[in-house]
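> First the structure, then my questions, so here it is.
The values are calculated or read from the model by the stated rules, or taken from the named source; none is laboratory data. Bear in mind the structure is a predicted one, so any value in this text is a computation, not a measurement. Here Cβ is always computed from backbone atoms with ideal geometry, including for glycine, and neighbour counts include all displayed protein chains. For the accessible areas, the whole protein counts, side chains as well, though only heavy atoms, and no ligand, DNA or RNA atoms are used. Shrake-Rupley method; radii C 1.70, N 1.55, O 1.52, S 1.80 Å.
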Amino acid sequence: MSGQRWKSDELSVGQTLEATFWKNPNEDSKFPLRATHLEGRRAPKVVLSGDTKILPGVPCLIRITAIHKPERTDHGHIEAEYVGPAPFKIEGVYLDPLVSKKLQVALESGLNILLDGPQGCGKTVLARSIASSLGMEFVFFNCGAVVEATDFFATIQVRASSSGAPVTDFVKTDILLALEQAAQNPEQRYLVFLDELNRCQESARNALMPALDSTRKVFHPIENRFIEIPDNVLFIAAVNRGRAFSATFGIDAAQLDRFVPVQMTYLPPEEEVKLLVHRHPAVSRATIEHLVAVADKVRSSPDLEATLSVRATEEACIFLAHPLFEGDPKQQIPEVLKTSFCGRFSGRWDDVGTDAGAVWTVVTTTLRERGIKVRAED
Ligand SMILES: Nc1ncnc2c1ncn2[C@@H]1O[C@H](COP(=O)(O)OP(=O)(O)OP(=O)(O)O)[C@@H](O)[C@H]1O
Ligand SMILES: [Mg+2]
């Protein structure tokens with residue numbers, strides 16, 4: 001459907017459709033904005049608008065106000081006016097409807113976002129898909145190795161000079177390169193993703209946050225001066241606190257000035273099933289439902305401070321789809337979960353005193369409730 005071109009007679013004045021406008025390359029035109037697609041399908045003529053409520057590059061809903069020369073395929077244009085923001089959708093990622101609303105408001109208003117959620121709940125895929133669906137340049141930065149605030153912008157590298165003596169070089173990080181590029185290309189929007197912000201030194205983090213939000217100035221450690229953060233750069237930071245660590249990580253509320261904190265959790269079981277069925281067609285839906293039911297029990301077990309990534313259910317699917325694990329999935333599931341689920345926790349699956357053992361108890365109880373026999377010696 002999406003590749004098909006609209007036929008002229010399918011479109012009429014008054015119709016409301018989704019479109020993304022860009023600056024009209026024809027500068028003599030009285031319409032400063034132009035779109036080529038409606039609802040993702042190529043329009044039969046260019047779509048033009050002079051409505052100032054339309055922002056270039058941001059998907060929106062428009063109403064057709066006129067179709068000029070409908071009979072001609074080589075001439076004419078469609079005129080449109082703004083109706084409202086486009087419904088927010090991000091391909092391939094499940095988004096909680098409430099989280100989605102908050103993200104939409106934040107992104108439209110140019111506010112930075114702090115994604116907060118347990119391991120493997122989709123923070124990184126979400127940030128990547130936001131960038132690609134909004135046509136933003138995605139800049140990935142892992143904060144795990146940051147000790148001082150300047151490490152966000154440059155790293156020191158030591159190399160041998162031609163005489164063999166060591167020379168130190170400042171190397172710009174992808175963040176600094178993006179800030180410099182953004183100043184040169186005001187038309188392009190950049191999304192800098194600060195992954196695992198909780199893992200960098202607290203002092204570095206605390207120095208960075210107000211710079212990103214209120215002062216919008218950062219120190220360029222190579223040029224020894226402050227540079228502006230251009231308005232076309234947006235930051236999304238991700239923190240992963242897990243259930244066990246919720247008390248140890250905090251960002252001062254005042255420093256969160258323009259960061260919108262968005263809480264994420266694991267996708268609901270039925271959505272996780274859909275995702276895995278789509279990604280692993282070789283595994284039966286029934287098997288995937290068993291895996292997700294067990295994962296859901298582990299995640300919500302009050303006795304376990306357990307987070308279990310969607311990577312774990314994916315990994316189990318990969319094993320179960322492999323010829324080496326052929327045979328009755330009901331027999332294979334418990335074996336695979338010893339590694340894919342229990343193996344992510346400390347201790348051993350067969351040692352009840354450990355976390356892995358406690359997870360194994362949840363695995364066996366849930367599978368038995370679902371009519372899957374787990375052998376006694378397991
Ligand atoms: N809501 C979701 N929609 C689509 N895929 C998801 C979702 N949640 C998790 N996944 C899948 O789970 C895997 C892990 O997701 P991702 O790396 O985004 O998690 P994360 O929250 O960034 O984890 P971490 O805290 O370890 O960095 C990926 O394969 C991703 O595709
Ligand atoms: Mg991540």
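> So what are the three principal axis dimensions of segment 269-369 from its Cα atoms, in whole Å, longest to shortest?
36, 28, 23
> Where Rh denotes the Kirkwood radius from the mean inverse Cα pair distance, what is Rg over Rh for the chain?
Result: Rg/Rh = 1.06.
> Which lysines have a Cα lying under 26 Å from the Cα of residue 274, excluding residues fewer than 8 positions away in the same chain?
89, 101, 102, 123, 297, 330, 338, 373
> With a probe of 1.4 Å, find how much accessible area the chain has per residue, and write the answer as a whole number in Å².
That works out to 53 Å² for each residue.
> Something else about it: With label points built 7 Å along Cα→Cβ from the Cα atoms of residue 5 and residue 58, find their separation and express it in nm.
3.2
> Pick from 197, 320, 98: which residue has the top mean-square fluctuation in a GNM of the chain where Cα pairs under 10 Å get a spring?
98
> While we're looking at this one, here's another question. Would you please state the base-10 log of I(q)/I(0) at q = 0.27 1/Å for segment 258-314, with intensities from the Debye formula using one equal scatterer on every alpha carbon?
Relative scattering, expressed as log10 I(q)/I(0), comes to -1.10.
> Unpartnered cysteines of the chain (Cβ-Cβ under 4.7 Å counts as a partner)?
Here 60, 121, 317, 342 come out as lacking a disulfide-compatible partner, given the Cβ-Cβ threshold of under 4.7 Å.
> What number results when the radius of gyration of segment 59-184, computed over Cα atoms, is divided by 2.2 N^0.38 Å?
Here the answer is 1.64, to two decimals.
> Full extension from residue 351 to residue 165: what is 0.36 nm times the residue separation minus their Cα-Cα distance, to one decimal in nm?
61.4 nm
> Just want to confirm a number: the relative contact order over segment 97-263, from Cα pairs under 8 angstrom separated by 6+ residues, in percent.
Relative contact order, segment 97-263: 35 percent.
> Per DSSP H run of at least 4 residues, take -39500 (n - 2.57); add these up for the chain, divide by its residues and hand me the 222 nm value, nearest 500 deg cm²/dmol.
Calculated mean residue ellipticity at 222 nm is -9000 deg cm²/dmol.
> Taking the convex hull of the alpha carbon atoms in segment 323-364, what volume per residue do you get, in Å³?
Taking only Cα atoms, segment 323-364 has a hull volume of 59 Å³ per residue.
> Right, next: Accessible area of the chain with a 1.4 Å probe: how many percent of it is carbon plus sulfur?
C and S fraction of accessible area: 52 percent.
> From the phi angles alone, apply the Karplus equation (6.51, -1.76, 1.60; θ = phi - 60°) to segment 311-321 and give each ³J(HN,Hα) in whole Hz, x where the residue is Gly or Pro.
Using θ = phi - 60°, the values come out as 4, 5, 5, 5, 4, 4, 5, 4, 5, 5, 7 Hz.
> How high is the relative contact order of the chain? Use alpha-carbon pairs under 8 Å, at least six apart in sequence, and give a whole percent.
13
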